[in-house]
Amino acid sequence: MKETSPDTAPRVLLPRGKRLFFALVLTAAVLGAATLIVAFLEARGWIDTQRPEDRVAYPPVDWLRLEDGPHGKVYRLTDANMVASTFPLRKEPGVVRVFVTGESFAMGTPYAHQDRAKNLGGDLPNWIRALLETRFPSRRFEVVNAAAGAQNSTRVAEIARQLVRLDTDLLILATGNNEGYVPPTQYNALLHRWVLYRLLKKGIRPSPAAQGNYFSPADADTAAIRRAFQRNIRVIGEAARERGVKLVLATLPINLRYDAKQSPYPLPENDAALTEGRRLLAAGKYAAALKVLAESRHTAYSLLYMGRCAEALGRWDDARQYYKLAVEQRPTSQMRPSFNQFLRDYATENRFALADLENLLEQAAPHGLPGSELFVDVCHLNWRGYHQAAHGIVAAILQAGLTAAGPGEPRPEPSLDELLQKYGWEWLRMLPEGRENDQPV
């Protein structure tokens, strides 16, 4: 009988189905282990899997954590673009929990900022808290700054949907300055929640600058951006109503007279009307400049300078109209006027409280043309401007009856000096309140 050597024994192959199953199990195990390792490293702060542009439009990742505090469980805001803060899991009896959410305007930049360890006052949420506390001294208010810098309404909607589940009494929404980014598809948004996918994407496409600035001056996808903004606002409104949370919608003030001297988008060089119109404007020939600028084919740029001409001629209403048309076409991190109008219409149709900050700050500005007397840059207010915005929001809360009042409440509104002294914010008077950004170059 012939013996078979072990080295020449025939191999017994598993059926194809089993081989495929084991390959899938091995792949899943490797991916699972890699996911756990990367998630651990990111949770410790040793790596960051998100690109800067991911924090603008993609759903937020791990922005709210439940952890042990000195007096029990607390929630901690952990997103890199949020002001680090905590609030208790269980709201104390009698406390009115208020969340202020949106982007950096709602956060109160530059007075509150994600890179600053301590919030010093002068920002929008602190002014809201101060006004509520002084007008309703019998109530206890817990005002949480749940806004984040450099995000748009897609992220805000996801955050708001979770905020309304946190034993919330009142949600204040102020968003719209960063609506220059086409929203991700549902598939991409879902994949973005996977930490390993984010890491691979960051490695393959590391530079947001190479993909274009995500605050574009004009975008061929403006219609998609508008639809996304409206959809996100509706999502927030429906989530608040479903949970019985009172909602205040705020239009955003617009720095109509802002001129981005350091803009990465240079003026068109092949537009003779624009060039000549700006020359006439600089020479003080405003009527002639206005006529020439009207012939420019680059209206996203010429309208700003037409506003300058009308303003110099004392035609305030015309100037306001030109400026708003310019922002509508070239928002550069500002709220489009049409988006503000949508907020007004949506609030009216659905009976939500409205704080019309755009109109409020226009009324406070000389000739209804807001500029550096209220703003520190393209879209952020100085501390006086934030105080006025908070006044408008609290007025909307009062008008809609969104908080219960004790005997003799609401108390008369305190003066600005009284608030500065009470909260130790007199130091704000020593800060520069704006930059000279109103004049064209």
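The values are calculated or read from the model by the stated rules, or taken from the named source; none is laboratory data. Because the structure is a prediction, the values reported are computed rather than measured. Glycine also receives a Cβ, built like all others from the backbone with ideal geometry; neighbour counts cover every protein chain displayed.
Would you confirm, using the coordinates I've provided, whether residue 351 is within 25 Å of residue 101 (Cβ to Cβ) and charged (D, E, K, R)? When the stated conditions are applied, residue 351 passes them. For the condition among the acidic types (Asp, Glu) and surrounded by 18 or more Cβ atoms within 10 Å (Cβ to Cβ), residue 142 does not qualify.
Exactly one residue out of 374, 420, 381, 416 is hydrophobic (A, V, I, L, M, F, W, C), in contact with a helix residue (DSSP H, G or I) (Cβ under 8 Å, 6 or more places away or on another chain), free of Cβ contacts under 8 Å to residues at least 60 places away in the same chain and crowded, with 20+ Cβ neighbours inside 10 Å, and it is 420. Taken over the stretch 92-103, the residue count meeting the criterion of being assigned to a loop (DSSP other than H, G, I, E, B) and surrounded by 15 or more Cβ atoms within 10 Å (Cβ to Cβ) is 1. Within the stretch 329-364, the residues that satisfy the criterion of being small (Gly, Ala, Ser) and surrounded by 20 or more Cβ atoms within 10 Å (Cβ to Cβ) are 333, 347, 353, 355. In the stretch 66-91, the residue that is modelled with the lowest pLDDT out of those that are surrounded by 13 or more Cβ atoms within 10 Å (Cβ to Cβ), aliphatic (A, V, I, L, M) and not in a loop (DSSP other than H, G, I, E, B) is 82. With respect to the conditions (1) among the charged types (D, E, K, R); (2) at pLDDT 95 or above; (3) outside the structural domain of residue 124 (by TED's automatic domain parsing), residue 205 falls short on a single one, namely (2).
Residue pairs whose Cβ atoms lie under 6 Å apart, sitting 6 or more positions apart in sequence or on different chains, and linking a residue in the stretch 82-93 that is more than 14 Å from residue 68 (Cβ to Cβ) to a partner that is surrounded by 15 or more Cβ atoms within 10 Å (Cβ to Cβ) and among the small types (Gly, Ala, Ser), are 82/148; 83/112. Within the stretch 309-337, the set of residues being out of contact with any helix residue (DSSP H, G or I) (no Cβ under 8 Å at 6 or more places or on another chain) and of a type in the set (Gly, Ala, Ser) comprises 314, 333.
Within the stretch 363-419, can you find the residues that are outside any loop (DSSP other than H, G, I, E, B) and among the acidic types (Asp, Glu)? Answer for the stretch 363-419, where residues must be outside any loop (DSSP other than H, G, I, E, B) and among the acidic types (Asp, Glu): 417, 418.
Selection of the stretch 142-163 for residues being under 20 Å from residue 352 (Cβ atoms), out of contact with any strand residue (DSSP E or B) (no Cβ under 6 Å at 6 or more places or on another chain) and assigned to a loop (DSSP other than H, G, I, E, B) yields an empty set.
Here residue 112 clears all of (1) at pLDDT below 95; (2) surrounded by fewer than 24 Cβ atoms within 10 Å (Cβ to Cβ) except the condition numbered (2).
Here is a yes/no grid of residues against (1) in contact with a Phe, Trp or Tyr (Cβ under 9 Å, 6 or more places away or on another chain); (2) of a type in the set (Lys, Arg):
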{"position": "281", "(1), (2)": "yes, no"}
{"position": "294", "(1), (2)": "no, no"}
{"position": "300", "(1), (2)": "no, no"}
{"position": "308", "(1), (2)": "yes, yes"}
{"position": "314", "(1), (2)": "no, no"}
{"position": "337", "(1), (2)": "no, no"}
{"position": "340", "(1), (2)": "no, no"}
{"position": "353", "(1), (2)": "no, no"}
{"position": "359", "(1), (2)": "no, no"}
